[in-house]
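Engineer: Have a look at the structure that comes next, please.
What follows is calculated from the coordinates using simple rules that are stated; it is not laboratory data. A quick note: this is a predicted structure, and the numbers were derived from the prediction, not measured. Note that we place each Cβ from the backbone using ideal geometry, even for glycine, and neighbour counts take in every protein chain shown.
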Amino acid sequence: MSEMTSAAEAAAPHRYTAAMAADIEARWQDFWDAEGTYEAPNPSGDLAGDPAMAARPKKFIMDMFPYPSGAGLHVGHPLGYIATDVFARHQRMTGHNVLHTLGFDAFGLPAEQYAVQTGTHPRVSTEANIVNMQAQLRRLGLGHDKRRSFATIDPDYYKWTQWIFLQIFNSWYDEEAKKARPIDELVALFESGERSVPGTRAWSELSAKERADVLGEYRLAYASDAPVNWCPGLGTVLANEEVTADGRSERGNFPVFKAKLRQWNMRITAYADRLLDDLDALDWPEAIKLQQRNWIGRSEGARVDFSVDGRPDAKVTVFTTRPDTLFGATYMVLAPEHGLIDSILPAEWPEGVKESWTGGAATPADAVAAYRKQAQTKSDVERQTEHKDKTGVFTGAYAQNPVTGARIPVFVADYVLMGYGTGAIMAVPGQDERDWEFAEAFELPIIRTVQPPEGWEGEAFTGQGPAINSANDEISLNGLPVAEAKSRIIEWLVAKGIGEGTINFRLRDWLFSRQRYWGEPFPIVYDEDGVAHALPESMLPLELPEVDDYSPRTFDPDDADTQPETPLSRNGEWVNVTLDLGDGPKKYRRETNTMPNWAGSCWYELRYLDPHNSEKLVDPAVEQYWMGPREGQPHGGVDLYVGGAEHAVLHLLYARFWSKVLFDLGYVSSAEPFHKLYNQGMIQAYVYRDSRGFPVTAAEVEERDGKFFFEGEPVKRELGKMGKSLKNAVTPDEICAEYGADTLRLYEMAMGPLDVSRPWDTRAVVGQYRLLQRLWRNIVDEATGEVTVVDTEDADIDADTLRALHKAIDGAGQDLAAMRFNTAIAKITELNNHLTKTAGPLPRSVAERLVLLVAPLAPHIAEELWHRLGHTGSVVHASFPVADPAYVVDETVTCVVQIKGKVKARLEVSPSITDADLEALALGDETVVAALGGAGIRKVIVRAPKLVNIVPA
Ligand code: ANZ
């Protein structure tokens, strides 16, 4: 410590310093914990019988909970947590019963990869990380109800994740009722014959295995052999949502292949319509709603059947959004995986087949086999990329265009995907760009069926226009606009019995199993016939077994043919069990896949409500209170959910789906989990790179004349992410040590609007520290530590101060309620600066209201000052001050309006009025107009806000 600071500290031993902040903060954090200050009461019984509770409207505020990473937090992580905390505190002070807590999303790959490398059990490393993160978060003074926190890895928690899985497994989607129902009700319908069993036999004639297979076609959670995204590099399969646009794993960037593996799926597609429609009523950013809409991808179109030449038994059904273009369908394409291909392949190539169509193969079967192998290595996105060479092979078969009667060749090409529509298309090169490219490459005919604008040549026309070339003996679309042509042709197809209007979704069922260790085990066992049975609730939680090797089987990450071996399968004692599932002890084999790490976050909002309930997922009255629909709204949900925009589809879509199932089954009262969603921006950081492009330690870079140097060498500065790898991470712990948590909180909130990304600048943090020091000095004598306020009646406080106070209360209050934290801080700073300038001690009532304004943002210093001001209760539950409107209206000044130097009128105007506005106001004033008496104007001299001088012509 330098002599100067020690001298200053000797003169001002009660100054607000980092050391004092540390003391204040630790003390109040302990106090809040001891008092349970942030504990939100649940209703006990009926609200009508509890007037105190009913008088405080509920607010359920939530953050997207963190994954407890071993790296700990940097200052970017808590941005959203601080914001929700400030908001929650303001809500508490404005009379709300606020529920705010934070749990941990703790299953997942990093802990497992660490376990593979070090042999440490994932639970051990994860729990250590949680402890570390909790300490980091506690230091920030977040007002969480700690009784309600949990981690998704707690058996008490995942018991219920497994229980929900069982509810989903044990239900089916009733298309007529448009909701999920218990599977037993479907069985009853089959038994009674009210609903016919698919196939030809009655329910009573089916074996147990056959019945299980039938039900598997209905269950909302089902095992299927459909091709999946297999990622040997991660040793697991992945959901579509986890595969990047270039066909690699989102995590780890490994290649992803299509493979046939028996896997669990969730029938989210049953909910496609509701997931789409219910978006409308949600208070979410439009960009996120749009991403969900696109992901669900509703397309209206038609199915059309094409007959295959020489194969009266075979028909190819296509899905098209443009049935109006049917006259222009000059060839067809099947996805390489399409099941019909093998049955339509002729043994030989037809006479005179074009060389380019055969891929150089001797027979159609050879050509298709070779092509399939090649297609397998590409991702769906790669396959669909436009303006890329289109590949494909001819099948040797021809279909018939049902309106033109033309014989059209059937190709196999990878730009058609098996997972979409019917996996087959009618190709209309005249109106579709991909078909055009393919037609050019394979020299196929092109017939335009929509009139393009004049001069349109050399490419497909996808716009609107009248139909052309679209008539036969029975029907003509010519001249009709696209929409009318569509409905006309659909009518015709229906009448002919070869097609119908349909709606198609891009959304696929959710692939729900992973070949990993660190996830929830499935509560499923298989009997000796391979039939899946649900474990009864009494056997939950089914805990993870110990294994001695967490790694996926040795694999070749680049080889699609590697097969997974699940870590759970290595514990034979756990896998092979004898259980009594109601019909006596029998041998079973456990499912050895685990659930994906999304499972735990699909319903955690519900468990916050009732975290220790061992009887139920959540008590219905409690759920109703916190989540139930509000008046005038179709759904309820969390009142504010804050997190990053990267969760636009995965987590948010899955969580919505689970909510809907639980709602349908009667377990919850809201069919939507999150009513309002807010995406915070990112805290970015400067990255400094040396001449070789390697990042250097940002904290050691010096700035000279706008240039940057590291160890004397020039380095380049760019804006990037914050993190260890870029050597620019700043931890909240460092900032707390140097300035205190209140300063860190203020700085993060003052950096800019919450939803905008902004660069971190450690040097700027001190600005907020000084604000707190001035605040302190306005109330506490730095030499004596005495509170300096005086008791003055409001009537005796000067008008300027009252105006500054009430404007700040009004402005900051509105800003806090609307999450405009940066402008709230600006207004409080303005007030504080005004008070710093006024001579003499502050009136107590002003000081108190200042402290209340600061309390949501800097709760520790506010609590300290509040108590020093003589209060015994916590500032957390004090009321936010209310502005007196009389002081909020803008003050005005009197402007004189002169004509030829003589005062003719006086106007009350805002002190900040512009010259132009003032001139317009003066010239429009009645008295001025009358005084001018219709004379023209030669000149107007304006000196806003006090004077306007008019010189008539
Ligand atoms: C003929 C046609 C003519 C088409 C035209 C488009 C334009 P969205 O909007 O995404 O639903 N299609 C259908 N199934 C496909 C599959 N499995 N893989 C690749 N493409 C497929 O697009 C639907 C359109 O995409 C369908 O309408 C079909 O091409 C193609 F002027 O049929 B269309």
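Engineer: What do you get for the angle between helix 741-750 and the principal long axis of the chain? Use alpha-carbon atoms, 0 to 90 degrees, nearest ten.
Structural biologist: Orientation of helix 741-750: about 70 degrees from the principal axis.
Engineer: Something else now. Among the listed pairs Lys159/Lys587; Lys58/Lys289; Lys258/Lys315; Lys59/Lys289; Lys807/Lys904; Lys289/Lys827, give every one whose C-alpha distance is greater than 30 Å.
Structural biologist: With Cα atoms farther than 30 Å apart: Lys807/Lys904; Lys289/Lys827.
Engineer: For Lys707, list the aspartates and glutamates whose Cα falls under 14 Å from its own Cα; do not include residues on the same chain fewer than 8 positions away.
Structural biologist: Cross-link targets: Asp690, Glu718.
Engineer: Considering only the chain, what is the antiparallel percent among its DSSP beta bridges, to the nearest 5?
Structural biologist: 80 percent
Engineer: Between region 259-298 and region 576-619, how far is it from one alpha carbon centroid to the other, in angstrom?
Structural biologist: Taking the Cα centre of each part, region 259-298 and region 576-619 sit 25 Å apart.
Engineer: Do the sum for the chain: with -39,500 (n - 2.57) for every DSSP H run of n ≥ 4, divided by all residues, what is the mean residue ellipticity at 222 nm, to the nearest 500 deg cm²/dmol?
Structural biologist: That comes out to -10000 deg cm²/dmol.
Engineer: Would you mind pulling out the separation of the Cα centroids of region 734-793 and region 873-942, in Å?
Structural biologist: If we compute the Cα centre of each part, the gap is 37 Å.
Engineer: Checking the cross-link filter: which lysines have an alpha carbon closer than 19 Å to that of Lys390, excluding same-chain neighbours under 8 positions apart?
Structural biologist: Lys354, Lys373, Lys378
Engineer: Can you list the aspartates and glutamates whose alpha carbon is less than 14 Å from that of Lys486, not counting same-chain residues fewer than 8 positions off?
Structural biologist: Glu300, Asp324, Glu500
Engineer: Roughly how many Å is it from the Cα centre of region 309-369 to that of region 808-872, as a whole number?
Structural biologist: 75 Å
Engineer: Exactly which GluC sites (Glu not before Pro) in region 650-719 are in a DSSP loop and have at most 13 other Cβ atoms within 10 Å?
Structural biologist: Here the sparse-neighbourhood loop sites are Glu711.
Engineer: Another question, if that's okay. Give, in nm to one decimal, the length gained when the segment between Arg589 and Asp33 is fully stretched (0.36 nm per residue of separation minus the Cα-Cα distance).
Structural biologist: 195.5 nm
Engineer: Something else: Where the only charges are on Cβ atoms (+1 Lys, Arg; -1 Asp, Glu), what is the dipole of the chain about its Cα centre, to the nearest 20 debye?
Structural biologist: The dipole of the chain has a size of about 1680 debye.
Engineer: Return the distance in nm (one decimal) between the two label points of a simple spin-label model at Asp761 and Ala935, each offset 7 Å from Cα along Cα→Cβ.
Structural biologist: Label at Asp761, label at Ala935, 5.5 nm between them.
Engineer: What angle do you read, to the nearest 10 degrees and between 0 and 90, between the alpha-carbon axis of helix 79-93 and the longest principal axis of the chain?
Structural biologist: Compared with the principal axis, the helix lies near 60 degrees.
Engineer: Assign unit charges at the C-beta atoms only (+1 for Lys and Arg, -1 for Asp and Glu), then state the dipole size of region 857-944 relative to its Cα centre in Debye, rounded to the nearest 20.
Structural biologist: Rounded to the nearest 20 debye, it is 680 debye.
Engineer: Classify region 774-894 as rounded, prolate or oblate from the Cα gyration tensor: take a ≥ b ≥ c as the square roots of its eigenvalues, call it rounded if a/c is under 1.5, otherwise prolate when a/b beats b/c and oblate if not.
Structural biologist: oblate
Engineer: With +1 on the Cβ of every Lys and Arg and -1 on the Cβ of every Asp and Glu, and nothing else charged, how large is the dipole of region 676-781 about its Cα centre, in debye rounded to the nearest 20?
Structural biologist: 340 debye
Engineer: Quick one: angle between helix 482-496 and the longest Cα principal axis of the chain, in degrees between 0 and 90, rounded to 10, please.
Structural biologist: Once rounded, one gets 40 degrees.
Engineer: Going 7 Å from the Cα of Val124 in the Cα-to-Cβ direction, what parts of region 85-116 have a backbone nitrogen less than 16 Å from that spot?
Structural biologist: In region 85-116, the label zone of Val124 (backbone N under 16 Å from the point 7 Å along Cα→Cβ) covers 111-116.
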